[in-house]
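Encoded as structure tokens, the structure appears first; notes follow it.
The values are calculated or read from the model by the stated rules, or taken from the named source; none is laboratory data. Model, not experiment: these values are computed from the prediction. Quick reminder, even Gly has a Cβ in these numbers, built from the backbone with ideal geometry, and neighbours come from all protein chains shown. Accessible surface areas use protein heavy atoms only, side chains included; no ligands, DNA or RNA. Shrake-Rupley method; radii C 1.70, N 1.55, O 1.52, S 1.80 Å.
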Amino acid sequence: MVQLECERWARKGVNITYQIRDDRRGYKAGALRAGMKHAYVRECEYVAIFDADFQPDPDFLRRTIPYLVHNPEIALVQARWRFVNADECLMTRMQEMSLDYHFTVEQEVSSSVCAFFGFNGTAGVWRISAVNEAGGWKDRTTVEDMDLAIRASLKGWKFVYLGDVQVKSELPSTFKAFRFQQHRWSCGPANLFRKMLMEIVTNKKVTIWKKIHVIYNFFLIRKIVAHIITFSFYCLVIPATIFVPEVRIPKWGCVYIPSAITLLNSVGTPRSFHLLFFWVAFENVMSLHRTKATLIGLLEAGRANEWVVTAKLGSAMKMKSSNKAGLKKQFMRIWERLHITELGVGTFLFSCGWYDLAYGRDHFYIYLFFQSIAFFIIGFGYVGTIVPQS
């Protein structure tokens, strides 16, 4: 479809070319690096990047390129994502809440105060000279976008985020696809932190305050500590205190501060305010996967550099079988939907809830029962869109 569209515009006299690779070496970074080697790129000053499921409006370049033309210090213009399938299921609503907070608060604030923020990997325009000066696209981690953004920032380049320029995209609507995506988004930054820490510390082009911001705020707090603390506190520490009556968690630590943080997360998606309780339970479950992925990235173990393309419902539907599945295949599908780790944690929380109901005094069982149910629902595969098989 893309090739035919390019040929149609070429016949009209538009300077347009269709290019693909013969292999997947280096994954996305490899594709971008290969694309930049074509002869026609030398005639260009800027490169716009979109993932396959992104649909920019016709005026996208007219609204982004002027920032690069009129300010030679700008290396990147990042647009906001808008989700066409946010209402597809409860899981996509949860993702919308998290990503809207990321764009509305994290990206918007960082851009407004001229602080560092990461490239989101798509829906952005780069100045090619900045890409080349920063060393181009590298495939040493699964977050080539963040890697390039940090290296460009260390060279003194600045970024701009445009919240009013929105590009339509699709959220993963099956739990399997979402889990692979979150593994990459959590493992990649941790692995990149391991590889770039000394490069950031020894850099002489940026101020000490920018180094602290990137190392402490961007990496340690947001990309590493947040995942580990969320899972450890809500799924291990709180349940464990039930068996040790001498240990009391103060209300400000287990109720007030978490409630304030939760309310702040509703800023980006006011229409989903009534889903906050479900969002908390869902995020606590996902913190299990993010913590595991973060540790894999930090230790550079096993799946640290595993790249699995995030399947969207459109491509998943194409893989469905048109034949009636036999009993063995049906059993395999049921088995694939089971997530043993989630079921194990859910059983642990459920047991702690019963113990607290019988012997506790802090009423933690209300939270523990609700959170264990969330683990069971995801553990048995009843979250996200169930792709039909026939």
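Sparsely packed loop sites in segment 34-63 (the trypsin sites (Lys or Arg not before Pro) outside DSSP H, G, I, E and B with at most 12 other Cβ atoms within 10 Å) comprise 37.
For segment 117-173, what does the alpha-carbon gyration tensor say about shape, rounded, prolate or oblate, given a ≥ b ≥ c as the root eigenvalues, a/c under 1.5 as rounded, and a/b over b/c as prolate?
Taking the square roots of the gyration eigenvalues as a ≥ b ≥ c, segment 117-173 is oblate.
Note on the chain: with a GNM built from Cα contacts shorter than 10 Å, the maximum mean-square fluctuation among 53, 23, 356 falls on 23.
With a Förster radius of 41 Å applied to the beta-carbon distance between residue 52 and residue 237, the computed FRET efficiency rounds to 0.50.
Here the gap between residue 262 and residue 27, fully extended at 0.36 nm per residue and compared with their Cα-Cα distance, gives a gain of 81.0 nm. Annotation: extensible slack from residue 207 through residue 109 equals 33.3 nm (criterion: 0.36 nm per residue apart, minus Cα-Cα distance).
Figure note: 25, 179, 248, 184 ranked by solvent-accessible area, largest first, 1.4 Å probe, ligands and nucleic acids not counted: 25, 248, 179, 184. For segment 83-203, the relative contact order is 33 percent, taking Cα pairs closer than 8 Å that sit 6 or more residues apart in sequence and dividing their mean separation by the residue count. Building the convex hull from the alpha-carbon atoms of the chain and averaging its projection over directions returns 23.0 nm².
Sort segment 167-265 into rounded, prolate or oblate with this rule: let a ≥ b ≥ c be the square roots of the eigenvalues of the Cα gyration tensor; rounded if a/c is under 1.5, and if a/c is not under 1.5, prolate when a/b is larger than b/c, oblate otherwise. Oblate is the answer for segment 167-265, as a/c is 1.5 or above yet b/c matches or exceeds a/b.
Just checking the listed ones, 119, 159, 380: in the Gaussian network model of the chain with Cα springs under 10 Å, the one fluctuating most is 380. The overall shape of segment 63-128 is prolate: from the C-alpha gyration tensor, with semi-axes ordered a ≥ b ≥ c, the ratio a/c is 1.5 or greater and a/b exceeds b/c. Each Lys and Arg adds +1 at its Cβ and each Asp and Glu adds -1 at its Cβ; summed about the Cα centre, segment 110-181 shows a dipole of about 100 debye. Among the chymotrypsin sites (Phe, Trp or Tyr not before Pro) within segment 1-79, those in coil by DSSP and having at most 15 neighbouring Cβ atoms inside 10 Å are 18. What the chain shows is 54 Å² of accessible area per residue, with the surface traced by a 1.4 Å probe over protein heavy atoms. Taking Cα centroids, how far is segment 69-120 from segment 123-184 in Å? Going from one Cα centre to the other spans 11 Å. Take the alpha-carbon centre of segment 342-367, take the same for segment 205-223, and report the distance between them in whole Å. Value for the Cα centre distance between the two parts: 38 Å. Entry note, the chain: relative contact order of 19 percent, from Cα contacts under 8 Å with a spacing of 6+ residues.
At full extension, residue 303 and residue 44 could sit 89.6 nm farther apart than now, given 0.36 nm per residue minus the alpha carbon distance. Short-range pairs are left out: with C-alpha atoms under 8 Å and at least six residues apart, the relative contact order of segment 228-297 is 50 percent.
Counted as membrane-span-like here are DSSP H helices of the chain whose alpha-carbon atoms extend 18 Å or more along the helix's own axis and whose Kyte-Doolittle mean is -1.0 or above; these are 175-201, 276-299, 340-359, 365-379.
Of 155/211; 12/37; 205/292, which sit over 23 Å apart, Cα to Cα? Result: 12/37; 205/292 exceed 23 Å.
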